[in-house]
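Have a look at the structure below, then the notes.
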Amino acid sequence: MATNDENGTLLIPKEKKAAVKPPPMYQVLLLNDDYTPMEFVVAIIQEYFNKDRETATQIMLKVHRDGKGMCGVYPKDIASTKVELVLTHARKAGHPLQCVMEEA
Ligand code: TYC
């Protein structure tokens with residue numbers, strides 16, 4: 001609220017900081033294994049993380065080389081749903097692909 005000082009000058013308070021923090025974000029990562037076919041991983045990245053074929057292939061190759069790779073960053077419930085969908089799809093297809101989330 002604006003007030004006046006002893007000389008009658010109008011004092012306008014500084015803007016208060018936002019009371020709410022932005023929600024924490026989570027990275028969704030794929031982990032490498034020796035059995036899941038490369039083509040299956042590329043299709044998963046395209047389908048669940050909205051990447052084009054070229055980008056999905058780059059991510060898959062990074063996972064293959066480095067052991068893990070990031071597919072996207074999302075609010076907690078969306079990240080968790082993506083992990084579940086990927087794991088369900090992979091298990092139904094008989095592949096051991098692992099997908100995890102980590103706070104960004
Ligand atoms: N390493 C697997 C192969 O050689 C390919 C692969 C890539 C598996 C990424 C999992 O998250 C993964 N067939």
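The values are calculated or read from the model by the stated rules, or taken from the named source; none is laboratory data. All figures in this text were calculated on a predicted structure; none of them were measured in a lab. Positions of Cβ are generated from backbone atoms using ideal geometry, with glycine treated the same way; all protein chains shown enter the neighbour counts. SASA here: full protein model, heavy atoms, side chains in, ligands and nucleic acids out. Shrake-Rupley method; radii C 1.70, N 1.55, O 1.52, S 1.80 Å.
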Qualifying trypsin sites (Lys or Arg not before Pro) in the stretch 9-97, DSSP loop, other Cβ atoms within 10 Å at most 15: K14, K16, K17
Whole-Hz couplings from phi, Karplus 6.51/-1.76/1.60, listed for the stretch 26-43; x for Gly and Pro: 10, 7, 9, 10, 9, 10, 6, 8, 8, 10, 5, x, 4, 5, 5, 5, 4, 5
Full-stretch length increase - E84, D33 - with 0.36 nm per residue and alpha-carbon distance subtracted: 16.6 nm
Proximal charge balance of V86 [Cβ under 14 Å; K/R count +1, D/E count -1]: +2
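First compute the accessible area of the stretch 36-104 with a 1.4 Å probe, then give the percent of it belonging to carbon and sulfur atoms.
Within the stretch 36-104, the accessible surface is 55 percent carbon and sulfur.
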Positive minus negative residues near L30 (Lys, Arg vs Asp, Glu; Cβ under 15 Å): -1
Overall Cα dimensions of the chain - principal axes, largest extent first, Å: 78, 24, 21
222 nm mean residue ellipticity, helices alone, for the chain (DSSP H n ≥ 4; -39,500 (n - 2.57); rounded to 500): -13500 deg cm²/dmol
Only Lys, Arg (+1) and Asp, Glu (-1) charged, at Cβ; the chain dipole about Cα centre in debye: 100
Mean Cα-pair separation over length for the chain, i.e. relative contact order, pairs under 8 Å, 6 or more apart, %: 38
Crossing angle, helix 53-66 versus the chain [Cα axis fit, 0-90 degrees, rounded to tens]: 80
Solvent exposure of the stretch 49-99 as accessible area per residue, Å², 1.4 Å probe: 59
Set of lysines with alpha-carbon distance to K16 below 20 Å, sequence-local pairs under 8 removed: none
Karplus-derived 3J(HN,Hα), 6.51/-1.76/1.60, for each residue of the stretch 13-20, Hz, glycine and proline x: x, 5, 4, 6, 4, 4, 6, 10
